[in-house]
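Every number here is computed from the coordinates shown, using simple stated rules; none is lab data. Note that the coordinates shown come from a computational prediction; the quantities given were computed from them, not determined experimentally. So basically every Cβ, Gly included, is an ideal-geometry build from the backbone, and we count neighbours across all protein chains shown.
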Amino acid sequence: MTGKVPAFRDREAWLAVIDMQRVFAEPDSDWFAPRFAETIDPIRRLVRAFSPRVTFTRFVAPERPAGAWADYYRRWPFALQPPDSRAYGLVDAFAADAGPTLDATTFGKWTPELAERVGGDGRLILAGVSTDCCVLSTALAAADAGVEVVVAADACAGVDDASHVRALDLMRLYEPLIRVLTVSQILSGHPRR
């Protein structure tokens, strides 16, 4: 990290918890993120601090994949399941308290719905999985939209450790549009820590 830790008192931040779903949590899944379980407690700390300004997202398969997505689902046919399938459900640690989720058939979750919640001059905190796919895609799109993005490094997990680190390093190249901080650093600047 370069520069000082941003203060959160100047404006409200919105937390997006990206894709904390069974399909990424369970070891027998083709999309298992090995450090998924290690993100649960850090994410809980963030959720407590930023509630009610929290959105949980879910990656879901489209009913009929089109374009390059058709090739993607030929590679991952197990994932062509309805949104209400067990695989696409949030893990038990969050399912009861998450409320309605923001669902998207794309890696990036910077949708019009999330953009409306955060606001054009807002700050978006990102946590979840996977660092090297859905978190990265969301961070870049939000930063392009002019939103300040803060990625909670220790509340994210990648497809493997090396990919997690590479994705964080890539996002650090976008400073000050995207900052990569720890949960403790984020909470130290948040008034409701």
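Taking a spot 7 Å from the Cα of Glu26 along the direction of its beta carbon, which residues of region 53-86 have an amide N less than 18 Å from it? Output list for this probe position: 58-61, 76-86. Put a dot 7 Å past the Cα of Leu80, heading toward its Cβ, do the same for Ala145, and the two dots end up 3.0 nm apart.
Placing a pseudo-label 7 Å from each Cα along the Cα-to-Cβ vector at Tyr73 and Ala37 gives an inter-label distance of 3.2 nm. Among Ile178, Ile186, Ile40, the ranking by other beta carbons within 10 Å of each residue's beta carbon, starting with the fewest, stands as Ile40, Ile178, Ile186.
When the helices in the chain are scored as -39500 (n - 2.57) per DSSP H run of 4 or longer and the sum is shared across all residues, what 222 nm value do you end up with, to the nearest 500 deg cm²/dmol?
Numbers: 8 runs with 65 residues, N = 193.
Helix contribution divided over all residues of the chain: -9000 deg cm²/dmol.
For Leu170 and Glu63, the difference between the fully extended length at 0.36 nm per residue and the C-alpha to C-alpha distance is 35.3 nm.
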